[in-house]
1. Please order A:Met390, A:Met64 by the number of other Cβ within 10 Å, starting at the fewest.
2. Take the Cβ-Cβ distance between A:Ser265 and A:Tyr178 as r, set R0 to 35 Å, and report the resulting FRET efficiency rounded to the nearest 0.05.
3. Roughly what would the spin-label model give for A:Thr62 and B:Ser35, points 7 Å off Cα along C-beta, in nm?
4. Which value in Å does the Kirkwood hydrodynamic radius of the range A:255-406 take, with 1/r averaged over all unlike C-alpha pairs and then inverted?
5. Compute the distance in nm between two label points, each set 7 Å from the Cα along the Cα-to-Cβ direction, one at B:Asp20 and one at A:Ser141.
6. Assuming 0.36 nm per residue, please report the length gained on full extension of the stretch A:Tyr323 to A:Glu88 beyond their Cα-Cα distance.
7. Mind checking B:5-17 for the average number of partner chain beta-carbons within 10 Å of each residue's beta-carbon?
8. Please state, as a whole number in µm²/s, the translational diffusion coefficient that the Stokes-Einstein equation yields for chain B at 20 °C and 1.002 mPa s, with Rh defined as the Kirkwood radius across alpha carbon pairs.
Amino acid sequence: MRRVAVTGLGVISPCGNTPEALFSNLMAAKSGIRRMTHPFAEKLGIRIAAEAEFRISDYFPTRMSAFDRTGLMALASAMQAWKDSGLELDDTEKERAGVFIGTGMGGSQSVDESSRAVYAENKERVNPLTVVKIMSNASASHISINYGLKGPCLTYCTACSSSSVSIGEAFRQIKTGYCDVALAGGTECLISNGSFKAWESLGVLAFEDPEDASASSKPFSKDRSGFVLGEGAAVLVLEDMERAKKRGARIYAEISGYGTTADASHITAPTIEGQARAMKLAMEEAGLGIDGIDYINAHGTATAANDVVETAAIKKVFGDRAYKIPVSSTKSMHGHLIGGAGALEFLISVLAINNNAVPPTANLKNPDPECDLDYVPNVGRTGLEINTVMSNSFGFGGTNGVLIAQKI
Amino acid sequence: MTTSERLEVLFVEKLQLNRDLLKPESTLDSFGLDSLDKIEFLFQIEDEFKIKIPERDVKIDTIQDVINMIDRLSAEQHGKEQA
């Protein structure tokens, strides 16, 4: 079995559009959550979101009419990661390079635009590129096309764990020799009228903090009320370790473990058992015991159900050691990227290794007694020794994905 | 504005093409438009000129072909020349 290196990082997020800016903002507890300025927000009960400051013209010189916003953010992230990695592949190498992207709902903004044209504006014809914008595999394909990567081009759709799964599956393909290089990550943009209404109706979105909209996401807090929808993408370059070393690549970390399980229980309610088993599987693959994890980037959605169940699952896996591991939910600042969340949070976890620092859980001033771990409340920590990190993602449908990375 | 002038605005603003390239005899292929671009371009023409272009049998190679098609369909569908 081969070892797998992370050799490139790219991100478009509500807290910054470079890995450096993102991590620095998170360490300073700077939130990307604010009141939306879209006209449609006026008709919503909940008007806060974590939007990325993503100007298309900053990344693409020409019009990109065949792209949904998810595809644009994914490709922009992939371009950063590719450049960061210094990869140069010949034709044969490109046949062994793959793309693995997770997305929960694909080109959701384009679905919305098309529906509006049909139902609200009674148009006889919708934008003829609607299909290629909506299809969930568009983002992966745009990346593959842009770089001529001809190995597997796959899209994973497991709700909020989509891009932990996409990275995990890419890791497996490199580890077992099916690919040598992969661009892996996730993308999501659900900030459109119809999508937002759907989330609002489900009752899982956070209410706006009356004093500070940017503090509305409160994971592990007694007064948490749900998550804030975020948008963005994160893509990482994964590479066979020997190949990466041979070419003198900068290696951010090694991916050493991945666990994915199904709760097989309920379409939205999580289970302690399913989450714990995913963490254990990842640790077993990485060859790590309960003393082996230095930081956990929690799923930490700030819904009533998640935070209590995830806390219990971490305790089930780590026992008393759970109280000594810093666990933070960066969703408190960048919101919930749904299908893009796993990749963004794994990227943040990799940066925690490289900076020997852990970002905080913001807005945690009123702890829930049922959530009693060290959630790194409000202030990031520096000067630590972070050798191994775990990133948790748990999706609707009971799909769990856990990734482990370590310093090399 | 004439059909030609309105088309020019569409080309420049929606397709981000250089105004100097837009001559009646210029072909759409010469702008590097692929099959999807052409479909989208026709969709934008429908929107701008409030006409319906038939689903099939649209043969347009040059800018002049496009202008002729718009004028013909406008006359048929609105009963008068828009240009």
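Please treat every number below as a calculation from the coordinates, not as lab data. Treat the numbers as computed from the prediction; the structure is a model and nothing was measured. Heads up, the Cβs are rebuilt from the backbone with ideal geometry, glycines too, and the neighbour counts pull from every protein chain shown.
1. Ascending number of Cβ neighbours within 10 Å: A:Met64, A:Met390.
2. 0.65
3. Once both label points are built, they end up 1.8 nm from each other.
4. Value: 15.0 Å, from the Cα pair sum.
5. Once both label points are built, they end up 3.7 nm from each other.
6. Here the answer is 80.2 nm.
7. If you average over the peptide's residues, the count of other-chain Cβ atoms is 1.
8. Rounded to a whole number, D works out at 166 µm²/s.
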